[in-house]
Amino acid sequence: METLVAAKKNLDKRGFLDIDTPNINYVEEILKLKKEKNAVILAHYYQIDEIQEIADFVGDSLALAQKAAETKADMIVFAGVHFMAETAKILNPNKKVLLPDLLAGCSLADSCPPEKFADFKKKHPNHKVVTYINCSADIKALSDIVCTSSNARKIIDSFPEDQPLIFAPDRNLGDYLNKETGRDMLLWDGACMVHEAFSMEKLIDLYKDHPDAELIAHPESEAHMLKVAKYIGSTSGLLNHVRNSKKEKFIVATEAGILFQMMQENPDKIIIPAPAKDDNTCACSECAYMKLNTMKKLYLCLKHELPNIEVDKELAKKAILPIERMLALS
Ligand code: 13P
Ligand code: SF4
């Protein structure tokens, strides 16, 4: 087995600890380490089933940020993507925050480079900036307030109607919110590749086989998908809707990881993932970043307390303000 020094070298090169773990029972070891280190495992609904099962808390972006803000644990293991763990670190500067794979990024966060966004903001000095939590700490530091898909409407409504707003980075969520609120927010032209991967053509074919199904969609999806969806909401919104609906069949347009919770909660309902444009193994839309986290990496990161997230102190001081404003309003 490689030493920790070698493992750290791998960490630098590959973003995670790539060491052999023969005969390890990951579930047992993770539970043991978690107890020993007083760690909490927070997982997003898009994580693989096994990680959702072992996590202390599974939630949407807002609930995870709230849990991170209030946890009494000494260490946070974030089974999600980088911007989520970074937000947890900003809220807990004195705690160790671990992300099982440092390469677990986000196409949406990447679509908003800080220098370009700072220039865009400078061109509109009378605008306040609302940013979706799916962005880097640098973008948060340039924002007046952060939001998630669960509370975006409420956050936007907290500004006077005549206050011009910039919304970044998701153009689809921004466009949806403009329609919902009647505002004319300036939109940054970013998007999530997972939610732009759904195929309308394949969806129509699917409907032919399931005319009794109801389409429900995450608001990061494109306008043509949202137009035909019967319900639009965040991951927790989608789960609540299916739980409370009298309908028995749903086509779900969001990342396929959510199906695990949805099927567990609704064993008698039929839940079908919305089809993606390109054929892939699950014929659905999967987030390659979310799926980088595995049980092995979760175990290794707890054992070696790596990779841990660091955020520059000055940057964190600026980035925490819009996050705290969001939490106060939520
Ligand atoms: P929510 O869980 O807030 O709906 O966000 C979805 C998402 O894309 C997270 O990356
Ligand atoms: Fe980012 Fe989209 Fe993956 Fe969410 S699903 S982490 S927004 S790439």
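The values are calculated or read from the model by the stated rules, or taken from the named source; none is laboratory data. Everything numeric here is computed off the predicted structure, so don't read it as measured data. Don't worry about glycine lacking a Cβ; one is built from the backbone with ideal geometry, like all the others, and counts go over all protein chains shown.
The one condition from (1) under 17 Å from the mean Cα position of the chain (by Cα); (2) within 30 Å of His304 (Cβ to Cβ); (3) in contact (Cβ under 8 Å) with a residue 24 or more places away in the chain that Asp110 does not meet is (3). Can you find, within the range 46-66, the residue that is farthest from His195 (Cα to Cα) among those that are charged (D, E, K, R) and surrounded by fewer than 19 Cβ atoms within 10 Å (Cβ to Cβ)? Step by step, filter the range 46-66, then rank; the result is Asp56.
Yes/no per residue for (1) touching a Lys or Arg at 6+ places or on another chain (Cβ under 8 Å); (2) among the charged types (D, E, K, R):
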| position | (1), (2) |
| --- | --- |
| Lys179 | no, yes |
| Ser199 | yes, no |
| Ile204 | no, no |
| Asp209 | no, yes |
| Pro219 | no, no |
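Please tell me if Ser285 is of a type in the set (S, T, N, Q), part of a helix (DSSP H, G or I) and either within 14 Å of ligand 1 (Cβ to nearest atom) or farther than 17 Å from Glu53 by Cβ (or both). So Ser285 does not fit the description; no. Residue under question is Pro322, and the condition is that it be more than 16 Å from ligand 2 (Cβ to nearest atom), within 30 Å of Leu91 (Cα to Cα) and either hydroxyl-bearing (Ser, Thr, Tyr) or surrounded by 15 or more Cβ atoms within 10 Å (Cβ to Cβ) (or both); does it hold? When the stated conditions are applied, Pro322 passes them.
Just so you know, in the range 130-141 the residues that are free of Cβ contacts under 8 Å to residues at least 60 places away in the same chain and among the aliphatic types (A, V, I, L, M) include one that is surrounded by the fewest Cβ atoms within 10 Å (Cβ to Cβ), and it is Val130. Taking the listed residues Glu70, Glu86, the one that is within 15 Å of ligand 1 (Cβ to nearest atom) and closer than 28 Å to Leu306 by Cβ is Glu86, with no other qualifying.
Among residues of the range 222-244 that are among the hydrophobic types (A, V, I, L, M, F, W, C), those with a Cβ under 8 angstrom from a residue that is within 10 Å of ligand 1 (Cβ to nearest atom), sequence gap 6+ or separate chain, pair up as Leu226/Pro219; Ile232/His218; Ile232/Pro219; Leu238/His218; Leu238/Thr254; Leu238/Ile258; Leu239/Tyr45; Leu239/Ile258.
Filtering the range 288-302 to residues that are more than 30 Å from Ser221 (Cα to Cα) and either touching a helix residue (DSSP H, G or I) at 6+ places or on another chain (Cβ under 6 Å) or assigned to a loop (DSSP other than H, G, I, E, B) (or both) leaves Tyr299, Leu302. Pairing each residue of the range 176-201 that is among the β-branched types (Val, Ile, Thr) with any residue that is crowded, with 19+ Cβ neighbours inside 10 Å and assigned to a helix (DSSP H, G or I), provided the two are 6+ apart or on different chains, yields C-beta distances under 6 Å for Thr181/Ile156.
Residue check: Ile272 meets all listed conditions (1) within 23 Å of Ala55 (Cα to Cα); (2) not in a loop (DSSP other than H, G, I, E, B) but one, namely (1). If I go through the range 204-249 residue by residue, how many of them are more than 16 Å from ligand 1 (Cβ to nearest atom), surrounded by 13 or more Cβ atoms within 10 Å (Cβ to Cβ) and not in a helix (DSSP H, G or I)? Count: 9. Each residue in the range 9-53 was checked for being modelled with pLDDT under 90 and of a type in the set (D, E, K, R), and 6 of them qualify.
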